[in-house]
1. So what is the orientation-averaged projected area of the chain, using the convex hull of its C-alpha atoms, in nm²?
2. For the chain, which DSSP H helices look membrane-span-like by this rule: Cα extent along the axis of 18 Å or more and mean Kyte-Doolittle of at least 0.5?
3. Relative to the present Cα-Cα distance, how much length would full extension add between Lys27 and His59 at 0.36 nm per residue of separation?
Amino acid sequence: METLVYAIDPVKVKRLMLDRWGDVEQKQLADAAGISEQTLVRMFKGHGFSPESLYGLCHALGCTPNDVLTVAKKEPTLVRVAA
């Protein structure tokens, strides 16, 4: 059994930014998403993010989480068996 770890795909986000607003700065996207530019940069670098940050990003881009997320890695899930 595996656990999937998701991350924001910056290429997908930048493509959606261009489609929605044309050539804009990350700061403008962060403002529209209601998050700091630092949070957006951390999301692009693969750091963890809150559901609220993901919601804000998707709301600003007019998309769903499936449009911006990618599977970052698969980790084995530990299963404990009671003795």
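Read-outs throughout are calculated quantities, based only on the coordinates presented, and are distinct from any laboratory measurement. Just so it is clear, the structure is predicted and the values come from calculations on it, not from any experiment.
1. Numbers: hull surface 25.1 nm².
Over all viewing directions, the chain projects a mean Cα-hull area of 6.3 nm².
2. Values: long enough: none.
Length and hydropathy pass: none found.
3. Numbers: separation 32, 0.36 × 32 = 11.52 nm, distance 1.56 nm.
Gain on extension, Lys27 to His59, equals 10.0 nm.
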